[in-house]
1. Give the number of residues within segment 71-97 that are at pLDDT 90 or above, of a type in the set (A, V, I, L, M, F, W, C) and surrounded by fewer than 18 Cβ atoms within 10 Å (Cβ to Cβ).
2. Go through (1) more than 19 Å from the chain's Cα centre (by Cα); (2) surrounded by fewer than 17 Cβ atoms within 10 Å (Cβ to Cβ); (3) touching a residue at least 12 places away in the same chain (Cβ under 8 Å) and name the single condition V105 misses.
3. State whether the residues of segment 34-42 include one that is small (G, A, S), modelled with pLDDT of 75 or more, touching a helix residue (DSSP H, G or I) at 6+ places or on another chain (Cβ under 7 Å) and over 18 Å from V198 (Cβ atoms).
4. Run down F167, F182, F197 and say which single residue is in contact with a helix residue (DSSP H, G or I) (Cβ under 8 Å, 6 or more places away or on another chain), touching a residue at least 24 places away in the same chain (Cβ under 8 Å), aromatic (F, W, Y) and surrounded by fewer than 20 Cβ atoms within 10 Å (Cβ to Cβ).
5. Please pick out the residue among V146, V198 that is within 16 Å of V25 (Cβ to Cβ) and either modelled with pLDDT of 95 or more or aromatic (F, W, Y) (or both).
6. Within segment 70-96, which residues are touching a Phe, Trp or Tyr at 6+ places or on another chain (Cβ under 6 Å), in a helix (DSSP H, G or I) and within 19 Å of V39 (Cα to Cα)?
7. Which one of these is aromatic (F, W, Y), buried (at least 16 other Cβ atoms within 10 Å of the Cβ), in contact with a Leu (Cβ under 7 Å, 6 or more places away or on another chain) and in a helix (DSSP H, G or I): F35, F40, F50?
Amino acid sequence: MATASRPTDHTGRPTGVLALLGEPVYRSYWLANFFYFLVFGAQRFAFVLFVLELTDRAGLGGLVGFALGIPAFFITVPAGVWADRLDRRRMVMASCLAGAAMMAVVAALTLTGLINAPVALVAALAIGFVTASVQPPLTAIVQMIVPPEHLVSGIVLRTMGQNLAQFVGAVAGGVTIATLDFGGAFAVQSTLYLVAFVCLLGVRL
């Protein structure tokens, strides 16, 4: 039985999505995007569950979830302006380092028993601002590293990776909490921010 062949150009090289994933720069970008939002997916689950365990008040759990998402309404437009004026790659890398530092502090406070619900709420709000600020430069980078004829594929592939990462992150967040408790889970999230940072080192604009 004949099998479907992969789309190629006149040189026999893969085209479309296959070509993008085969390009080191785009692959590094895609992985950085994936790991970044893998963490965010885990945080949306972990922070809410953590506050519920600290206080047993459902209202505060909902407030933490709100704190993670509401910054997007305030920071996305200014971040888009900054992305037009500043180095987009460096903006994303700075966000990775900021996220890693914040989660390292949250992990340390959790492991030492010094954290409380208000601190967790402030941390969630700060993480929400960092994540909202990273969206415009991450989106803009695609058109800088993908040829015009592959731009739609590049955007679609990036969006699919981001959505998949958030879904997998929620599941992985539960697994890490079950195996490492909250302090260990937050430490893993800090580490994954650094993984995203390392992936960005391979992105040359």
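1. The total comes to 2.
2. Of (1) more than 19 Å from the chain's Cα centre (by Cα); (2) surrounded by fewer than 17 Cβ atoms within 10 Å (Cβ to Cβ); (3) touching a residue at least 12 places away in the same chain (Cβ under 8 Å), only one is false for V105: (1).
3. The answer is yes; a qualifying residue exists.
4. Just one listed residue meets the conditions, F167.
5. Just one listed residue meets the conditions, V198.
6. Within segment 70-96, M93, C96 meet the criteria.
7. F35
Per-residue answers, yes or no, for (1) β-branched (V, I, T); (2) without any contact (Cβ under 8 Å) to a residue 40 or more places away in the chain; (3) in contact with a strand residue (DSSP E or B) (Cβ under 6 Å, 6 or more places away or on another chain); (4) under 26 Å from D56 (Cα atoms):
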| site | (1), (2), (3), (4) |
| --- | --- |
| I115 | yes, no, no, yes |
| P118 | no, yes, no, yes |
| G128 | no, no, no, yes |
| V134 | yes, no, no, no |
| L138 | no, no, no, no |
| I141 | yes, no, no, no |
| H150 | no, no, no, no |
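The values are calculated or read from the model by the stated rules, or taken from the named source; none is laboratory data. As the structure is a computational prediction, the values presented were derived from the model and not from experiment. Ideal geometry is used to build each Cβ from the backbone, glycine not excepted, and the neighbour counts take in all protein chains shown.
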